[in-house]
Ligand SMILES: [Cu+2]
């Protein structure tokens, strides 16, 4: 029986002895912020001596590299730079509660799933996100993902987890993240004690209207890179936040 979530120790889906580089290569979260791809046309490959083709290939390759590096830098900047002063009027308070459940979900066995994936709030509203996680497995953050071990964009600069005020979770103890890149908000979710839940709470104030995707950046799903199963199933590790006026 696959029991990734029944104990923290036996967690083959996430904590097996896969090489860190193998995982890193396949799941850089910044890839999802706008990867560009370019494939050399077959004729160029067949006629390697065609100077024009080669030069064009080099130029396009350079352009893609510059665009990719720029895109990654923009993604990092979006999440990590401090929030600008919000010129918005206060709009009350709301609490959105989400649970991370595991073990009873049809189709993906022990894969974890967030409840309440889609919700609507107001710009200027104090939005308290309360995440009750029953998942005792970990999905350690690696490489570029490690930026998501820190709380970002909350009103206090911190979150409470199990009643303690913290500003980050050790990468090796991260189970999930609740990350809204478009609103520069990030909550790392630590592994729950086995057989118990952990409640993680943070408050943010959306400063612009629109529809924003939240997603988990921890490789908490199935497969060799942790990006299958829950991570590739709609509304399990991602959803939409609509911010209205
Ligand atoms: Cu997750």
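The values are calculated or read from the model by the stated rules, or taken from the named source; none is laboratory data. Not measured: the values here are computed from a predicted model. Heads up, the Cβs are rebuilt from the backbone with ideal geometry, glycines too, and the neighbour counts pull from every protein chain shown.
Look at (1) at pLDDT 95 or above; (2) away from the ligand (no atom under 12 Å from the Cβ) and you find that residue 144 fails only one, number (1).
Conditions (1) closer than 26 Å to residue 120 by Cβ; (2) under 17 Å from the mean Cα position of the chain (by Cα); (3) in contact (Cβ under 8 Å) with a residue 60 or more places away in the chain; (4) surrounded by fewer than 23 Cβ atoms within 10 Å (Cβ to Cβ), marked per residue:
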site: 200; (1), (2), (3), (4): yes, yes, yes, no
site: 208; (1), (2), (3), (4): yes, no, yes, yes
site: 216; (1), (2), (3), (4): yes, yes, yes, no
site: 239; (1), (2), (3), (4): yes, yes, yes, yes
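Every condition in (1) part of a strand (DSSP E or B); (2) in contact with a helix residue (DSSP H, G or I) (Cβ under 8 Å, 6 or more places away or on another chain); (3) under 16 Å from residue 144 (Cα atoms) is met by residue 217 except one, and the failing one is (1). Report yes if residue 202 is assigned by TED's automatic domain parsing to the domain that holds residue 151 and under 21 Å from residue 111 (Cβ atoms), otherwise no. Spelling it out, it is not the case that residue 202 is assigned by TED's automatic domain parsing to the domain that holds residue 151 and under 21 Å from residue 111 (Cβ atoms). Cβ-Cβ contacts under 8 Å between residues 6 or more apart (or on different chains), taken from a first residue in the range 155-176 that is without any contact (Cβ under 8 Å) to a residue 12 or more places away in the chain to a second residue that is exposed (fewer than 14 other Cβ atoms within 10 Å of the Cβ), are listed as 165/156.
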